[in-house]
Amino acid sequence: MSDPVSYEEYLDKNGTLTYTNVGVSMLPLLRQGRDLFTVEKKGPERCRVGDVVLYRRGREYVLHRIVEVRGSDYVLLGDNCVSREYGITDADILAVMTGFVRGGKPRSVRSGAYRLYTRFWLGTEIPRIFCKRAFARLRRLIRGGAG
């Protein structure tokens, strides 16, 4: 049996990686255990707002969307998250998502539908986060927990 290969090693060798989504941070775009995503090894160019990137955070790999490009770093946010991640640099980013597979059908991040989804998702960030936090507080109150 061979030793497991890291994502970095796999991307260095093959240039692209297709993998199944783990976790719920990119819902509704990617569904855990049901959808696949494809990433391409990041080149020297800067990423853009809306790009979904794979980066390493400690010992885990994270796939989240860039919501802000700053001078020397990026601000990221999972589509289903409420907390932004700051200080992610080009050196941290391993790959950029180029497509995904839902229900057996491949979809490109260059398609009009995907671009519309991204524009909508970025444009509704503040109200979505407000609603998610409000509903979380309401659930705690209903369950009898402290606010």
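Just so you know, all these numbers are worked out from the coordinates, no wet-lab data involved. Remember, predicted model here, so these are calculated numbers, not experimental data. Neighbour counts run over all protein chains shown; Cβ positions are idealised from the backbone, glycine included.
Test Arg102 against the stated conditions and say whether it is closer than 16 Å to Thr18 by Cα, surrounded by fewer than 15 Cβ atoms within 10 Å (Cβ to Cβ) and among the charged types (D, E, K, R).
Considered against the rule, which asks whether it is closer than 16 Å to Thr18 by Cα, surrounded by fewer than 15 Cβ atoms within 10 Å (Cβ to Cβ) and among the charged types (D, E, K, R), Arg102 comes out as yes.
Any residue in segment 71-89 that's more than 18 Å from Phe120 (Cα to Cα) and without any contact (Cβ under 8 Å) to a residue 12 or more places away in the chain: show its pairings with residues that are surrounded by 14 or more Cβ atoms within 10 Å (Cβ to Cβ) and not polar (S, T, N, Q) at Cβ separation under 9 Å, as long as the two are six or more apart or on different chains.
Close Cβ pairs (under 9 Å, with a partner that is surrounded by 14 or more Cβ atoms within 10 Å (Cβ to Cβ) and not polar (S, T, N, Q)) amount to Ser83/Leu77; Ser83/Ile129.
Give Arg102, Arg46 a once-over and let me know the one that is free of Cβ contacts under 8 Å to residues at least 60 places away in the same chain, more than 14 Å from the chain's Cα centre (by Cα) and closer than 24 Å to Tyr7 by Cα.
Testing whether each residue is free of Cβ contacts under 8 Å to residues at least 60 places away in the same chain, more than 14 Å from the chain's Cα centre (by Cα) and closer than 24 Å to Tyr7 by Cα leaves just Arg46.
Would you check if Arg57 is over 25 Å from Ile126 (Cα atoms) and surrounded by fewer than 19 Cβ atoms within 10 Å (Cβ to Cβ)?
So Arg57 fails the test.
Yes/no per residue for (1) part of a helix (DSSP H, G or I); (2) aromatic (Phe, Trp, Tyr); (3) under 16 Å from Leu30 (Cα atoms); (4) out of contact with any helix residue (DSSP H, G or I) (no Cβ under 8 Å at 6 or more places or on another chain):
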| residue | (1), (2), (3), (4) |
| --- | --- |
| Val49 | no, no, no, no |
| His64 | no, no, yes, yes |
| Tyr114 | yes, yes, yes, yes |
| Ala136 | yes, no, no, yes |
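Mind counting the residues in segment 88-99 that are closer than 18 Å to Thr20 by Cβ and either outside any strand (DSSP E or B) or out of contact with any strand residue (DSSP E or B) (no Cβ under 7 Å at 6 or more places or on another chain) (or both)?
0
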